[in-house]
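Read the structure below first, then the notes.
The values are calculated or read from the model by the stated rules, or taken from the named source; none is laboratory data. Given the structure is predicted, the values throughout are model-derived calculations rather than measurements. Virtual Cβ from ideal backbone geometry, glycine too; neighbours counted across all protein chains shown. The area values use the complete protein model at the heavy-atom level, side chains included, leaving out ligands, DNA and RNA. Shrake-Rupley method; radii C 1.70, N 1.55, O 1.52, S 1.80 Å.
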Amino acid sequence: MLFSYSSLLQGRNPSLKSIPRTQNPTRLTHRAGAMSSGPIYVLPGDEIDASLIPSHPKKPLRLGPGLRHAPPNDIIPTVAGQFVVERQKNAIRVETTSGRYIPRVGELVIGTVHHSGAESYFVTLSDFTSSALLPHLSFESATRKTRPMLANGALVYARVSLAHKHMDPELECVSPSTGKSDGLGPLTDGMLFPISLGMSRRLMLSKSAQDGKVVVLDELASAGLQFETATGRNGRFWVDSENIKTISLVGRAVTETDEKGLNVDQQKKLVRSLIKELS
Amino acid sequence: MAVSSQPAADLAPLPRADGSATFSHHGFVVTAAVNGPVEAPRRDENAFEALVDVIVRPAAGVGGTAERQLESILQSTLRQLIPIRDFPRTMIQITLQIVEIPENAYENAKILQAQLNLPVIPALLHAAILGLLTASIPLKTIVTACTVAITEDGASAGRVTLEPTAIEARRAKSLHVVGFTGDGGLLLSESTGSFSLEELAQVLELGEKACSRDHKDGTDVLMEDDEVSSSSIKYFIRSVMQSKAAKDLHWK
């Protein structure tokens, strides 16, 4: 999954191009991307140059994370990061890689069961935040009598089904339309590694080697290791294998790639040295 | 006592915090750790707003009333920047540890308890802003602050000085800290000493010029004030955040 949009501007706003701008000679306001053609970086409160905001005849303009619509027609970045425009989707967003996970509907996360309530499990998505609710019955073919019994501390791979600032997030391990689990559910055995939000996004790209430049997992697999992984958008990475050494090796390879910001060649080198260590 | 007038920062030095930054400027070094949005303590929980919790720790000893006053000044400034209504029932915790204060070879560096130290506020504020930016906590805008002193004695009586040294600050008639938002709005103004309304207007004018500069060399704006040497904090914040974003997104 790429990302989910936090808000949606209904309808194209034709007046966006005519935001009145005060040109005060003593006040030097920074206009993002007014002259540069490379990647555009913004700070909160910057003015976004109107030429960067895409206009599409039919699709509504979509605002991704990191942008705020200040009525009537200002679009203001709220975080520091790279300003990204997707002309085909008529979408704009600000990309960041650090920070704490804030749940959004539709994202896949790995949670830890904190305790079980009367009708749902209380699941922790990140430390020191209020628990998310995972109803006992939102598992594949679960009924009151046959439902997975999760002990405290068990891991679940789930989808965020409800995220609202005034309510605790809700999770589900079953697709509400088909009733199938689609790979979601309890994660038994294995080990959990914390990674940055940016790294989990890279790992979750559909072509992570090509678009996200992550080749560690492919390299480890081609070196003959057998393991199973799951990545949560909340910065959690789960590995399972028959061999305990393989689990720790895969986890170390991914966390090191994340922390040191390794490029493709460095990742290959890291995998080679780790494999040598193993044998 | 060569105090560097160039700002310096180290982003995300603390691995366990959501966001952290070490900021040094004019001899002050401050480390900020930002965590949030996390669950607020039950008794402080607000059903509609996020709680902004600022903790200031002094370079030596335990915090006292002076630190509590700094905390309240920073808290009221920062809660204007964070869209607190977007994170109800949560807490955004900003811990600011003063690591170094300017060494002062000439003035008697007696540590007086319960005395407000105004010149440390810009360093605390900039460290907090960098911490919040690294923690990717949404902000409405950024704020930059500076210290201004009005000198008392000698031929230059009544002169406004931007970013005074420790000695100048000590001998000043009045000391002011002003903070301006990205679009030039006055957000923070704290003063000590005696000054007239005209002097305050001068202070605000100089402060706005210094804070709103967004270019590496401020020659175009501050030509008339022979204060060209002081670098633009806003430009500095922009460049460090830009290089961090470029480094984090190297794979794109």
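Only one residue in A:SER55, A:SER138, A:SER126 is within 14 Å of chain B (Cβ to nearest Cβ) and either part of a loop (DSSP other than H, G, I, E, B) or within 23 Å of A:GLU172 (Cβ to Cβ) (or both), so which one is that?
Numbers: A:SER55 fails: within 14 Å of chain B (Cβ to nearest Cβ); A:SER138 fails: within 14 Å of chain B (Cβ to nearest Cβ).
Sole residue among the options that is within 14 Å of chain B (Cβ to nearest Cβ) and either part of a loop (DSSP other than H, G, I, E, B) or within 23 Å of A:GLU172 (Cβ to Cβ) (or both): A:SER126.
Whether a residue is surrounded by fewer than 19 Cβ atoms within 10 Å (Cβ to Cβ), more than 17 Å from the chain's Cα centre (by Cα) and not assigned by TED's automatic domain parsing to the domain that holds A:ASP182 was assessed, and A:PRO135 does not pass this test. Do we find a residue being open to solvent by 20 Å² or more (accessible area, probe 1.4 Å), closer than 24 Å to A:THR78 by Cβ and either at pLDDT 90 or above or away from chain A (no Cβ under 11 Å) (or both) anywhere in segment B:215-225? No, every residue in segment B:215-225 fails to be open to solvent by 20 Å² or more (accessible area, probe 1.4 Å), closer than 24 Å to A:THR78 by Cβ and either at pLDDT 90 or above or away from chain A (no Cβ under 11 Å) (or both). Does A:ARG159 satisfy the condition of being away from chain B (no Cβ under 12 Å), free of Cβ contacts under 8 Å to residues at least 12 places away in the same chain, surrounded by 14 or more Cβ atoms within 10 Å (Cβ to Cβ) and basic (Lys, Arg)? Criteria not met by A:ARG159.
Every residue, every condition in (1) within 19 Å of the chain's Cα centre (by Cα); (2) in a loop (DSSP other than H, G, I, E, B); (3) on the phi > 0 side of the Ramachandran plot, yes or no:
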position: A:VAL85; (1), (2), (3): yes, no, no
position: A:THR97; (1), (2), (3): yes, yes, no
position: A:ILE110; (1), (2), (3): yes, no, no
position: A:VAL113; (1), (2), (3): no, no, no
position: A:TYR121; (1), (2), (3): no, no, no
position: A:ALA142; (1), (2), (3): no, yes, no
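Hey, can you tell me all the residues within segment A:92-149 that are in contact (Cβ under 8 Å) with a residue 40 or more places away in the chain, over 17 Å from A:THR231 (Cβ atoms) and acidic (Asp, Glu)? Hit for segment A:92-149 is A:GLU140, nothing else. Pairing residues of segment B:61-77 that are open to solvent by 70 Å² or more (accessible area, probe 1.4 Å) with residues that are assigned to a loop (DSSP other than H, G, I, E, B), at Cβ distances under 7 Å and at least 6 apart in sequence or on separate chains, gives B:THR65/B:ALA114; B:GLN69/B:LEU116.
Answer with yes or no whether A:GLY183 is more than 14 Å from chain B (Cβ to nearest Cβ), in a loop (DSSP other than H, G, I, E, B) and open to solvent by less than 50 Å² (accessible area, probe 1.4 Å). Reasoning before the result, please.
Values: more than 14 Å from chain B (Cβ to nearest Cβ): yes; in a loop (DSSP other than H, G, I, E, B): yes; open to solvent by less than 50 Å² (accessible area, probe 1.4 Å): no.
When the stated conditions are applied, A:GLY183 does not pass them.
The residues in segment A:231-258 that are within 14 Å of chain B (Cβ to nearest Cβ) and free of Cβ contacts under 8 Å to residues at least 40 places away in the same chain can be counted, and the count is 1.
Every residue in segment B:37-48 that is open to solvent by 40 Å² or more (accessible area, probe 1.4 Å) and not in a strand (DSSP E or B), please.
Step one: filter segment B:37-48 for residues open to solvent by 40 Å² or more (accessible area, probe 1.4 Å), giving B:39, B:41-48.
Hits for segment B:37-48 are B:PRO41, B:ARG42, B:ARG43, B:ASP44, B:GLU45, B:ASN46, B:ALA47, B:PHE48.
Residues of segment B:5-59 that are more than 13 Å from the chain's Cα centre (by Cα) and among the polar types (S, T, N, Q): B:SER5, B:GLN6, B:SER20, B:ASN35, B:ASN46. For segment A:259-271: of the residues being surrounded by fewer than 21 Cβ atoms within 10 Å (Cβ to Cβ) and touching a helix residue (DSSP H, G or I) at 6+ places or on another chain (Cβ under 8 Å), which is nearest to the other protein chains (Cβ to nearest Cβ)? Selected residue: A:GLY261.
In segment B:156-201, which strands (runs of 3 or more DSSP E) lie fully inside it and hold 2 or more residues that are within 14 Å of chain A (Cβ to nearest Cβ) and open to solvent by 20 Å² or more (accessible area, probe 1.4 Å)? Don't jump to the end; show me each part of the working.
Working: elements: B:160-162, B:174-181, B:186-193.
Filter on segment B:156-201 gives B:186-193.
Being out of contact with any Gly (no Cβ under 9 Å at 6 or more places or on another chain), over 15 Å from A:LEU162 (Cβ atoms) and not small (Gly, Ala, Ser) is a property that A:ARG100 lacks.
Please count how many residues of segment B:78-97 are closer than 19 Å to A:ILE102 by Cβ, assigned to a helix (DSSP H, G or I) and in contact (Cβ under 8 Å) with a residue 60 or more places away in the chain. Final tally of qualifying residues: 1.
Could you check how many residues of segment B:1-36 are assigned to a loop (DSSP other than H, G, I, E, B) and either of a type in the set (Lys, Arg) or under 17 Å from B:SER243 (Cβ atoms) (or both)? If you could, list the steps in order and put the result at the bottom.
Residues of segment B:1-36 assigned to a loop (DSSP other than H, G, I, E, B): B:1-7, B:12-18, B:26-27.
If we keep only those that are either of a type in the set (Lys, Arg) or under 17 Å from B:SER243 (Cβ atoms) (or both) too, we end up with B:6-7, B:12-13, B:16.
Here the count works out to 5.
For segment B:26-36, the condition holds for at least one residue, the condition being that it is modelled with pLDDT of 95 or more, in contact with a Gly (Cβ under 6 Å, 6 or more places away or on another chain) and open to solvent by less than 30 Å² (accessible area, probe 1.4 Å). Specify the residue that is farthest from A:ASP46 (Cα to Cα); the eligible residues are those in segment A:71-82 that are open to solvent by less than 20 Å² (accessible area, probe 1.4 Å) and within 11 Å of chain B (Cβ to nearest Cβ). In this case the residue turns out to be A:GLY81. Going through (1) within 11 Å of chain A (Cβ to nearest Cβ); (2) free of Cβ contacts under 8 Å to residues at least 60 places away in the same chain; (3) closer than 19 Å to B:LEU125 by Cβ one by one, B:ASP53 falls short only on (1).
Scanning segment A:216-242 for residues that are in contact with a helix residue (DSSP H, G or I) (Cβ under 7 Å, 6 or more places away or on another chain) and either among the aromatic types (Phe, Trp, Tyr) or open to solvent by less than 20 Å² (accessible area, probe 1.4 Å) (or both) gives A:VAL216, A:LEU220, A:PHE227, A:THR231, A:GLY232, A:GLY235, A:PHE237, A:VAL239.
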